[in-house]
Amino acid sequence: MPALFDTFSRSSKELDKQLKAKLEKKTKAKGGKSNNLLSRINTIRDRVAENLGEYKDDYEILISDEEVKAYFDKIIQNGLCAIDTETTGLNFFQDKIVGICLYTEGLRASYIPLNHISSIYQTRIDNQADLDLVKNEMKRCIENNVKFIYHNGKFDVNVLETFLETKMNCPYWDTLVASYLITNDKNQRSLKDQYSKYCSHLEDKDKIDTLSHFNDLFDGLRFDYVPIEVGYIYAARDAWMTYKLYEHQKEFFEKPGNEDLYKLFTEVEVPLIQVTADMQRTGVAIDMDLAKKLKDEYDGKLEVVTQQVRDEIEKYEDKIIKYRMVHYNSKLQEPINFQSPEQLAILLYDIIGCVNPDKEKPRAVDEKALKHINIPLTKAILEYRSITKLLSTYIDAIPAKIEPSDGRLHASFNQNGADTGRFSSSDPNLQNIPRDGGIRCMFKATDGYYMVGADYSQQEPRVLAHLCQDENMINAYKSGRDLYSTMASLAFHVPYEQCKEFNPDGTTNHEGKERRSRIKAVVLGLMYGRGDASVGEQLGIPVEEARELSKALFNAFPKMKQYIEDTKAAVKKIGYTTTLWGRRRYLDYITKEKYEYKYGVNRPVNFDPLFDSEDGGSQEVSQEIKDYYNNILDKANYGKRKQIIAEAEKNGILIEDNGYWIAESERQVVNSIVQGSAADMTKRAMVALYNNKELNDLGFRLLMSVHDENIGECPKENVKRVTQLLSEVMIAANNKCCVPMKCDAEISECWYGPSIRLDEEE
């Protein structure tokens, strides 16, 4: 290995030296500058030679056919291997694989260089592994069912499938996905962070610090430009860290009490990696004619509403002129730029004289503030913002994201994008695309296919009914009655028929609709972790009235109230919630005291009569002092509490007010269990749909998952059977909830387009 390293270093340096001299000669003749890329590469090489020489033998480069074959023989013998890929970018369609990183027990972590290029000639350099040989060896691993361990396997699977032109086996382990189940810390998801947090004891601190700093050298540099003799340490180490992190995670899952969590990981989350990878690779067709039509339509709307805003501003022309005469140094432009928060605030609050009820943000111009002001001008501005957001985020952006190689949109899916375990997506964010406005209709079925979507009906309320074990809620579902009408009937003490949205003749029952909507808002607020103030704002009623609605609901459904109280008490002891399928969400603040106390660093001794004169230097704040402050803080409003805490700090006592965060955590208890259980069920359904042999034989393929809806497409001739199977498989995914699930399947030409009735089609 040292000889190989030295050979690489010597030959590369000599070649780059010659090429650099030639390049500098050319650029100087043209009055240009020297090659910054080459200069940076040489800097990296020098830094590595200076600092990493002692670590180079911990890892190896595999280039010769014999070395590559021998390593893969060992992988197949072990049946288990950590794998990572180095690429030129994050688009697996357009970007190229640069190398493969491997680690299996009994050998050193290794790097197989495949497509490193010359920074001068932009061509593939020599002394790299044979591409066809590596492909064959990887396929041999697939045939022998080698278990691969990844960190963010969804990406690597797609990179490898593009490179190999064949399908990878389902991943065995993904340390990134496992980290979501083990901890909710979103800020420490990278491989380096996870390894540093859990496995740093495996190596000398100096080595970790040196290699971690070494990683920064490549920041912003495409990896195919990185010299092999430098990059192999960085690359091979990733595979080794992945394997060691896997060992730690496996040990955690095997501890008593973690059985359900491990089952969720192995039976749902790991198989889902392949599902999401395939969905991302498949993509979805986009109706470009509709996209252009929507573009023209919304551009026209924007022009109209822009003029409306201008017209509304013009109504205050006299006031604007007077303001400018007094405030000649004002930052107001001519005409006023209403897109500028600063200028809009001047217009609303200083010129027009509007008042924002939010005392903490009296000059805010966000959506909440503009809705509170509620004048024609603010209504027009809100509409303007809505249209511009639709244009910039979706109508303009979606066509621009189409992959040229296949003409389809490939959103990036994150199977643990939310704290509750729900799916998320980006480029674009499918979850946030509005249902109205026709934008979803841009997503269409492939020619010769129908789009088929199936979503759970009232999935989360059904889960809540199961958790509460409330007979009235359960019976409502079993009898086919509307849940919210049933709950409104019991809460308001009126007959069920007076809480329905429609009368028997089909006309709207306005009083019934109002009762139902109010109770529905309270129930959804409960499930989504919203307080009475938020529910009141949604319904347009005072917070006191919203609070009375909550009391009425709990009086009618005492088991719901008892479940919530018992669950909060249990979570306070252990610090996390658990879904029906074992998913955990850690709520750290829920276990804390409402007020936490400690002394300041430079506190004086015996400065306060509340201190015991003999124990003025104690490191622990006495219970007497805590009781004193607890008493006055609990009686104070928010502003007064801030004053009390500030005064205490002057006296050397630091008080942490956790009240808001504890309350927020308590609101998230039910939300985490209900939404998390629903997310688990939907994910189970996705895996079942993906693995259903009949659906596969019928040509069905998943395209998207949005909230409680799974959307796919299938050949038109098979749509009837696919639709039946879709509902059956999704309903069967529920094996924990006693309340029967209902799943509605829709057939259309596009997402959220007009439903196609099979009898009409036939």
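Report, by residue number, each residue of segment 401-445 that is in a loop (DSSP other than H, G, I, E, B), charged (D, E, K, R) and surrounded by 17 or more Cβ atoms within 10 Å (Cβ to Cβ). Walk me through it before giving the result.
Keep residues of segment 401-445 that are in a loop (DSSP other than H, G, I, E, B), which gives 401, 404-407, 410-411, 415-423, 427-429, 433-439, 445.
Next cut, charged (D, E, K, R) only: 401, 406, 419, 422, 427, 435-436.
Within segment 401-445, ASP419, ARG422 meet the criteria.
Going residue by residue through segment 37-52, is there one that turns out to be modelled with pLDDT of 95 or more and more than 18 Å from LEU211 (Cα to Cα)?
As a first pass, look at segment 37-52 and keep what is modelled with pLDDT of 95 or more: none.
Within segment 37-52, not a single residue is modelled with pLDDT of 95 or more and more than 18 Å from LEU211 (Cα to Cα).
Any chance segment 501-516 includes a residue that's closer than 22 Å to ALA678 by Cβ and free of Cβ contacts under 8 Å to residues at least 24 places away in the same chain? Quick ask: steps written out before the conclusion?
Restricting attention to segment 501-516, the residues satisfying the condition of being closer than 22 Å to ALA678 by Cβ are 516.
Subset that is free of Cβ contacts under 8 Å to residues at least 24 places away in the same chain: none.
Looking through segment 501-516, none of the residues is closer than 22 Å to ALA678 by Cβ and free of Cβ contacts under 8 Å to residues at least 24 places away in the same chain.
Considering only helices (runs of 4 or more DSSP H) fully contained in segment 182-253, which possess at least 3 residues that are under 19 Å from ASP156 (Cα atoms) and under 25 Å from the mean Cα position of the chain (by Cα)? Full working, then the answer.
Working: elements: 191-198, 205-215, 228-253.
So the answer is 191-198, 228-253.
Could you tell me whether any residue of segment 321-328 is touching a residue at least 60 places away in the same chain (Cβ under 8 Å) and either of a type in the set (Gly, Ala, Ser) or over 30 Å from GLU713 (Cβ atoms) (or both)?
Restricting attention to segment 321-328, the residues satisfying the condition of being touching a residue at least 60 places away in the same chain (Cβ under 8 Å) are none.
Within segment 321-328 (the criterion being touching a residue at least 60 places away in the same chain (Cβ under 8 Å) and either of a type in the set (Gly, Ala, Ser) or over 30 Å from GLU713 (Cβ atoms) (or both)), the answer is no, since none of the residues qualifies.
Out of GLU709, GLU713, which single residue is under 27 Å from GLY421 (Cα atoms), crowded, with 24+ Cβ neighbours inside 10 Å and charged (D, E, K, R)?
Working: GLU709 fails: crowded, with 24+ Cβ neighbours inside 10 Å.
After applying the criteria, what remains is GLU713.
So how many residues does segment 146-163 have that are among the hydroxyl-bearing types (Ser, Thr, Tyr) and part of a helix (DSSP H, G or I)?
Quick first cut of segment 146-163, residues among the hydroxyl-bearing types (Ser, Thr, Tyr) only: 150, 162.
From what is left, the residues that are part of a helix (DSSP H, G or I) are 162.
Result for segment 146-163: 1.
Looking only at segment 246-257, decide whether some residue is more than 20 Å from LEU90 (Cβ to Cβ) and of a type in the set (Lys, Arg).
Applying the first criterion (more than 20 Å from LEU90 (Cβ to Cβ)) to segment 246-257 yields 246-257.
Okay, now just the ones that are also of a type in the set (Lys, Arg), so 250, 255.
Looking through segment 246-257, at least one residue is more than 20 Å from LEU90 (Cβ to Cβ) and of a type in the set (Lys, Arg).
Could you please let me know if TYR690 is of a type in the set (Ser, Thr, Tyr) and on the phi > 0 side of the Ramachandran plot?
Considered against the rule, which asks whether it is of a type in the set (Ser, Thr, Tyr) and on the phi > 0 side of the Ramachandran plot, TYR690 comes out as no.
Does ASP358 satisfy the criteria of being part of a loop (DSSP other than H, G, I, E, B) and either at pLDDT 90 or above or under 34 Å from the mean Cα position of the chain (by Cα) (or both)? Step through it out loud before you land on a result.
Working: part of a loop (DSSP other than H, G, I, E, B): yes; either at pLDDT 90 or above or under 34 Å from the mean Cα position of the chain (by Cα) (or both): yes.
Here the answer is yes, as ASP358 does meet what is asked.
The values are calculated or read from the model by the stated rules, or taken from the named source; none is laboratory data. Only a predicted model underlies this, so the values are computations on that prediction, with no experimental measurement involved. Cβ coordinates were reconstructed from backbone atoms using ideal geometry, including for glycine residues, and neighbour counts include every protein chain displayed.
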